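Take a look at the structure set out below.
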Amino acid sequence: MSSNKVGFISLGCPKALVDSERILTQLKIDGYEIVPTYEDAEIVVVNTCGFIDSAKRESLDAISEAISENGRVIVTGCMGKGSDAQTIKALSPKILSVTGPAAYEEVVGAVHQYVPHTPSHDPLCDLVPPQGVKLTPRHYAYLKISEGCNHRCSFCIIPDLRGDLVSRPIAEVMEEAQRLVRAGVRELLVISQDTSAYGVDIKYRTGFWNGRPLKTRMQELCEALGEFGVWVRLHYVYPYPHVDAIIPLMAQGHILPYLDIPFQHGSPTVLAQMKRPAAAEKSLDRIEAWRKICPDLSLRSTFIVGFPGETEEDFNLLLDFLSEAQLDRVGCFQFSPVEGAKASALPNQVPDEEKQERWNRFMAVQQQISRTKLQDKVGQTIEILIDEVDGQDAIGRSTADAPEIDGRVFLDNASDLNPGDLVKAQITAADDYDLWAGG
Ligand code: SF4
């Protein structure tokens, strides 16, 4: 009898999570069993994150723990590339293999090499659930449409880690989406580094899905995904002119009226220093035009304050942008240098107290916007996707809320509901970020 037990630790962002899911799916297909404790596992796979220094530290801690608790470790993910890979290899000879992100075949190959296993022939034992093995709750799933990025934002090292954009063929993406929906997924979260660039690397090549030609392009992908009848949410979109064509699909209810656009700043000077894609686009005009077509559109974005060289005037431009754009959901980070990123070496770094002070002012402006926007929803009846049920209480999300990063809707008298249910309820109260609904 060959042993087949593998431990798995998954760290990092939703994109890393998708990598983990793919590796786990393949291991299950190959007859391995995923076990939750170090002592039961023959070997442990650690999927790392190398985006910022604290994530790297967390990854190194996880690797060290796996070495001491188990002793046979395979490392993969963002930290397994470049100079960090050497740091990891130097940790211990018990690290058997180190690979970078999206190295599914190599990781699975290493597991086969160090834990040789002949799958049993009992189809009941080796049966993989049709949706694959997922780490997210059953009712929503991330759908990764490409790897890498063609941009070179000065604060980001993702292109160094993951390389240029490589789009997954549209037929493959649609197959995966279909499998997920058939397995009960009610919400697909489309992710990549730049969703609006989907297909650009393969010249929007036409693929065939269910015998029908489909271009590998954002619009065709949205049209096709919309046919599944589940929530389709777009992340990491840039405000290029061709994104205009997606808005009518939202207005018609084909995909969710939600766009996650990382604007990062409102000052043209800072955006130029950041080397942001679509920095020259007239974002505010575009937002106004989109809202005319789709008044329910929810916009989420992230911003960086205290970028090197950001003056008080630049910062005020950012606040003006915020006030005018009236975004629904906003995250804000204080700039922190990342090893290897060009921005880390820029002159005129902003002192920490100044960053904190600007962050406070930024958050105060956005908090007021968010409060007003959510108050406007009181009295409306909206659709809610239920995430958790605990006794009489349930927590769900509206179409304006992506899991983990946006707000929530709290419901009472909800004991008959289950995660994944889609319900309609009237909003009865709101605070700065969340909503309450009654049946
Ligand atoms: S668009 Fe910019 S921030 Fe985003 S992954 Fe590409 S280089 Fe990094």
Glu388, Glu312, Glu147, reordered so the largest accessible area comes first (probe 1.4 Å) | Glu388, Glu312, Glu147
Quick one: of the DSSP bridges fully inside the chain, what percent are antiparallel, nearest 5?
-> 40
Relative contact order (percent) for the range 244-353, with alpha-carbon contacts under 8 angstrom and 6 or more residues of separation?
-> 31
Flagged as over-length at 29 Å C-alpha distance, from Lys144/Lys373; Lys292/Lys424; Lys275/Lys373; Lys15/Lys292; Lys81/Lys215; Lys342/Lys373, the pairs are Lys144/Lys373; Lys275/Lys373; Lys15/Lys292; Lys81/Lys215; Lys342/Lys373
From the phi of every residue in the range 195-209, what ³J(HN,Hα) in whole Hz does the Karplus formula 6.51 cos²θ - 1.76 cosθ + 1.60 yield, where θ is phi - 60° and glycine or proline is x?
-> 5, 5, 8, 3, x, 4, 6, 10, 6, 6, 3, 7, x, 10, 10
For the range 249-356, what does the equivalent ellipsoid look like in terms of its semi-axes, each the square root of 5 times an eigenvalue of the Cα gyration tensor, given largest first in whole Å?
-> 29, 14, 12
Taking H as built 1.01 Å from N, whose amide H comes closer than 5 Å to the amide H of Val6, not counting residues under 5 places away?
-> Glu33, Ile34, Val35, Glu42
How long is the gain from Asn348 to Gln368 if the chain were fully straight, where each residue apart is worth 0.36 nm and the alpha carbon distance is subtracted?
-> 4.1 nm
Highest mean first, what order results for 237-250, 351-364 on Cβ atoms within 10 Å?
-> 237-250, 351-364
With the other protein chains left in place, how much accessible area per residue, in square angstrom, belongs to the chain at a 1.4 angstrom probe?
-> 44
log10 I(q)/I(0), Debye, Cα-only the chain, no solvent, q = 0.06, 0.08, 0.13 Å⁻¹?
-> -0.28, -0.50, -1.32
Which part of the range 402-439 falls in the paramagnetic zone of Asp393, meaning amide N under 14 Å from the point 7 Å along Cα-to-beta-carbon?
-> 408-415, 435-437
Please list the non-local residues whose amide H lies under 5 Å from the amide H of Gly82, H modeled 1.01 Å from N, same-chain partners needing a gap of 5 or more.
-> none
Is the shape of the range 168-212 best called rounded, prolate or oblate, per the rule: a/c under 1.5 gives rounded, else a/b larger than b/c gives prolate, else oblate, with a ≥ b ≥ c the square roots of the Cα gyration tensor eigenvalues?
-> oblate
Cβ crowding within 10 Å averaged over residues, with 225-234, 176-185 ranked highest first | 225-234, 176-185
Taking placed amide H atoms and a strict 5 Å upper bound, the residues 5 or more places from Tyr236 or on another chain that come that close are Asp260
Relative contact order %, the chain, counting alpha carbon pairs below 8 Å whose residues are six or more apart | 10
For the range 41-90 and the range 253-271, compute the distance between their C-alpha centroids and round to whole Å.
-> 33
Contact order relative to length for the range 315-439, counting C-alpha pairs under 8 Å separated by 6 or more residues, stands in percent at 23
Shape of the range 285-439 from its Cα gyration tensor (a ≥ b ≥ c, root eigenvalues): rounded if a/c is under 1.5, otherwise prolate when a/b > b/c, or oblate?
-> prolate
Carbon and sulfur: what percent of the range 338-436's accessible surface (1.4 Å probe)?
-> 47
Alpha-carbon Rg with Dmax, taken over the range 387-439, Å | 10.2, 28
Report the full-extension gain for the segment Asp164 to Asp285: residue separation times 0.36 nm, less the Cα-Cα distance, to one decimal in nm.
-> 40.6 nm
Picking from Ala272, Leu256, Ser283, whose Cα lies most toward the positive end of the charge dipole for the range 249-288 (charges on Cβ: Lys, Arg +1; Asp, Glu -1)?
-> Ala272
Karplus (6.51, -1.76, 1.60) ³J(HN,Hα), θ = phi - 60°, over the range 416-430, in Hz, Gly and Pro reported as x = 8, 8, 10, x, x, 5, 10, 10, 10, 8, 8, 6, 10, 7, 8
Between Arg212 and Glu58, what is the label-to-label distance in nm when each label sits 7 Å out along the Cα-to-Cβ direction?
-> 4.0
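The values are calculated or read from the model by the stated rules, or taken from the named source; none is laboratory data. As the structure is a computational prediction, the values presented were derived from the model and not from experiment. Don't worry about glycine lacking a Cβ; one is built from the backbone with ideal geometry, like all the others, and counts go over all protein chains shown. Note: accessible area is taken over every heavy atom of the protein model, side chains too, but ligands, DNA and RNA are not part of it. Shrake-Rupley method; radii C 1.70, N 1.55, O 1.52, S 1.80 Å.
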